[in-house]
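The values are calculated or read from the model by the stated rules, or taken from the named source; none is laboratory data. As the structure is a prediction and not an experimental result, all values here were calculated from the model. In this analysis, Cβ positions are derived from the backbone assuming ideal geometry, glycine residues included, and neighbour counts consider all displayed protein chains.
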Amino acid sequence: MTGTMPALERSEALALHRTMVLIRVFESRVEELFKAGKLPGFVHTYLGEEAIATGVCAQLSPDDYITSTHRGHGHALAKGMSPAALMAELYGRVEGACRGRGGSMHVADFSLGMLGANGIVGGGFGIAAGAALAARHRGTDHVAVCFFGDGGINKGTFHEALNFASVHRLGVVYVCENNQYAQFTARSRTTSVEDLAVRATAYGMAGATVDGNDVAAVSAAAAEAVQRARDGEGPTLLNMVTYRLGGHYVGDAEVYRDASEVEEYRGRDPIQRWEETLAERGWLDSESRATVWDEAAAAVGDAEERAEAGSLPDPESALDDVFTPVPAATEGFRRGAVQAPPAGDPDGETPETRRMTFGQATVDAMGRAMRADDSVVVLGEDISWGGNFGQFRGLVDEFASRRVIDMPISEAIIVAVAVGAATAGLRPVASMSFVEFTLGAMDEIVNQASKFRYMFGGQVSVPLVLRASDGVLRSSASQHSSSLEGLFTHLPGLKVVAPSNPADAKGLLRTAIDDPDPVIYLEHKKITAQRGPVPTGDYRVPLGSAAVVRAGADVTVVAYSAMALNALAAAERLAADGIDVEVIDLRSLVPLDFDTVVQSVARTRRAVVAHEAWCFGGFGAELAAQLHSELFGELEAPVARVGAAPAPIPFSPPLEAAVVPGADAVEAAVRTVLA
């Protein structure tokens, strides 16, 4: 175990002492306030572990990054957050670091490089790697430090992140705060190795075990690891052996450990040990010691007074910062306009357009975005070879591996790295191949990407695009044929688009890349080879702008993606019987252009909502419910819904046809609402 005494200057040694004492006083008072019922939520204190945050953060510059944990108060204070901002956050006040949106487990200050405490165990592994990737992309030597507990070392994302960081020799330091308990379970019951640092060996990276209660040893080990990262020598895993003097949370009965064990570790208190060392050197006496503790108490007392006097958030602001405010779109296609293919030759090509496949249109959009903005990067599986449907073909030849990054088959780390890179200034486009594969990254999508802006009080935006191929294609069977847009539209903080043609694919992707929020960009597999006229210039299709692709008077069919094409086919058949169908292609599900839909249905008084996703609980159910609520009493018939039957998509063609709806199902639904 590393424990050598570095040659610290007196000022450095005393600064370490002041920070540790501030953390101790702050956490002790927080514990008292929580027990007195003054703090809402849950509190996990950092008592006994102060040396780690203090020693590590002492080696960092203001521009370096850290990710934190549910036990993150110490990290926040050590990185420079004021006690007042932190205490106000714990009180849920608008003066808090996150305006009361995050609370104890989600404190953040992006101006200090603190990319957020995380209530998800191991939530910072890939985010730190993404921040380090962004730092290298910008040509800086900024370092990312990921603090995590020993319980996180058995998470799959730990191994995925270390592998990725090592492959790319990223400037990340992984600091395991090994307090020997994963919540309530002793490490020996869950972990196969005693020395956690040996896991670094498997990934070809440096690793060391350090006495985490010796602030000098922590500082020395961190200094070496941080310098290695700055010098481009890759990541380090530091196993900091420590002990939490409090329970897993304030109020924990602690039945899982003996009181004698706790008392034994109180004798190894990091602050007491450091004070003894400082006294031996003649740098601390009883008077100067008392001054440090009194100053910390005064700072914490002032923070408490400010928090008590602070303002509670206005309930009217509860929906602020779910998305980043953006100006109304003025480019691209006109909202609600009837949009047919541009006039020209029989294939719809004009001098201003070129026939492209869906995949070629996305390559065009990506290339234009990457030429215009160096912060746009692409990462995903097999993308150097063009991606599974050619959506990235040729990009690596133009932009090289610095900006077209092949990722391991590890969806969680793809998204986590994208989130970290986005919060640190890049605009990543993360490719997930098939939409089913996003399920391996749902924690990163749901708990990180979609929540960061709101949870951290609007401090940060997460400008990333997550693209995936969805829908049914030629007996691909259950695990490669899903339509999961309903999962994503359910999540506040995510935008969702689903184009039906190459022109929209290009314009929507350009807009999605420009957007400051995370966008789920869904490409239906069945239409990736579809050709159509695409404007040759640079343009954007605004999000939240539906297209009336066929005007009609008798009934409105609302669809998107491949189902919009089925709706058009059904409308042409019905026209032969004198039925005039209006077809709306939503293009964007979140934000939703509900106005265009309502205006159409108010005129036709009949509506069909169609998608390929399962009907039960699908996006169409929400749209139908909103239409009934808005137009109740004006409709001539209930809104009809078209969607897949409630079964996994089968392999055999006749079974697939029985489950998955097409133009026939849309036609039948239209006839039903007209009956």
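Annotations
- Every pair of residues 6+ apart whose Cβ atoms lie under 8 Å, when the first sits in the range 36-51 and is closer than 14 Å to Leu86 by Cβ while the second is in a loop (DSSP other than H, G, I, E, B) and among the aliphatic types (A, V, I, L, M): Val43/Val250; His44/Val250; Thr45/Val250
- Annotation: Asn213 fulfils all but one of (1) at pLDDT 95 or above; (2) of a type in the set (S, T, N, Q); (3) exposed (fewer than 14 other Cβ atoms within 10 Å of the Cβ); the unmet one is (3).
- Test result for Pro654, part of a loop (DSSP other than H, G, I, E, B), under 30 Å from Ser476 (Cβ atoms) and of a type outside the set (S, T, N, Q): no
- Only listed residue being out of contact with any strand residue (DSSP E or B) (no Cβ under 9 Å at 6 or more places or on another chain), surrounded by fewer than 22 Cβ atoms within 10 Å (Cβ to Cβ) and at pLDDT 95 or above, chosen from Gly386, Gly367, Gly394: Gly367
- Taken over the range 547-589, the residue count meeting the criterion of being assigned to a loop (DSSP other than H, G, I, E, B) and either hydroxyl-bearing (Ser, Thr, Tyr) or crowded, with 24+ Cβ neighbours inside 10 Å (or both) is 4.
- Identity of the residue in the range 419-440, of a type outside the set (A, V, I, L, M, F, W, C), out of contact with any strand residue (DSSP E or B) (no Cβ under 7 Å at 6 or more places or on another chain) and surrounded by fewer than 24 Cβ atoms within 10 Å (Cβ to Cβ), that ends up nearest to Ala365 (Cα to Cα): Gly425
- Residue within the range 182-189 that is assigned to a loop (DSSP other than H, G, I, E, B), in the same structural domain as Lys79 (by TED's automatic domain parsing) and surrounded by fewer than 22 Cβ atoms within 10 Å (Cβ to Cβ) present: yes
- Residue check: Val583 meets all listed conditions (1) under 18 Å from Gly620 (Cα atoms); (2) modelled with pLDDT of 95 or more; (3) out of contact with any Lys or Arg (no Cβ under 6 Å at 6 or more places or on another chain) but one, namely (3).
- For the residues Tyr249, Tyr265, Tyr243, the requirement of being farther than 15 Å from Gly55 by Cα and part of a helix (DSSP H, G or I) singles out Tyr265.
- Among residues of the range 245-265, those that are charged (D, E, K, R) and over 18 Å from Arg189 (Cα atoms), counted: 3
- Figure legend. Inter-residue proximity from the range 251-268: first residues at positive phi, second residues of a type in the set (Lys, Arg) and in a helix (DSSP H, G or I), beta-carbon distance below 9 Å, spacing 6+ or different chains. Indicated pairs: Gly251/Lys35.
- Across the range 484-529, the qualifying residues are those that are of a type in the set (A, V, I, L, M, F, W, C) and either modelled with pLDDT under 95 or on the phi > 0 side of the Ramachandran plot (or both), and the one among them that is surrounded by the most Cβ atoms within 10 Å (Cβ to Cβ) is Ile527.
- Yes/no for Leu491 being aliphatic (A, V, I, L, M), closer than 21 Å to Leu115 by Cβ and in contact (Cβ under 8 Å) with a residue 12 or more places away in the chain: yes
- Annotation note: of Val642, Val598, the sole residue that is β-branched (Val, Ile, Thr), in a helix (DSSP H, G or I) and modelled with pLDDT of 95 or more is Val598.
- Flag if Gly96 is over 21 Å from Ile413 (Cβ atoms), buried (at least 22 other Cβ atoms within 10 Å of the Cβ) and touching a Pro at 6+ places or on another chain (Cβ under 7 Å): no
- Residue in the range 409-418 that is surrounded by 23 or more Cβ atoms within 10 Å (Cβ to Cβ), free of Cβ contacts under 8 Å to residues at least 40 places away in the same chain and either polar (S, T, N, Q) or under 15 Å from His168 (Cα atoms) (or both) present: yes
- Residue-level analysis places Ala221 outside the set of residues that are more than 28 Å from the chain's Cα centre (by Cα), within 24 Å of Phe26 (Cα to Cα) and in the same structural domain as Ala165 (by TED's automatic domain parsing).
- One residue from Val292, Val322 being assigned to a helix (DSSP H, G or I), surrounded by 14 or more Cβ atoms within 10 Å (Cβ to Cβ) and not acidic (Asp, Glu): Val292
- Residue match in the range 92-101 (condition: among the hydrophobic types (A, V, I, L, M, F, W, C) and either modelled with pLDDT under 95 or not in a loop (DSSP other than H, G, I, E, B) (or both)): no
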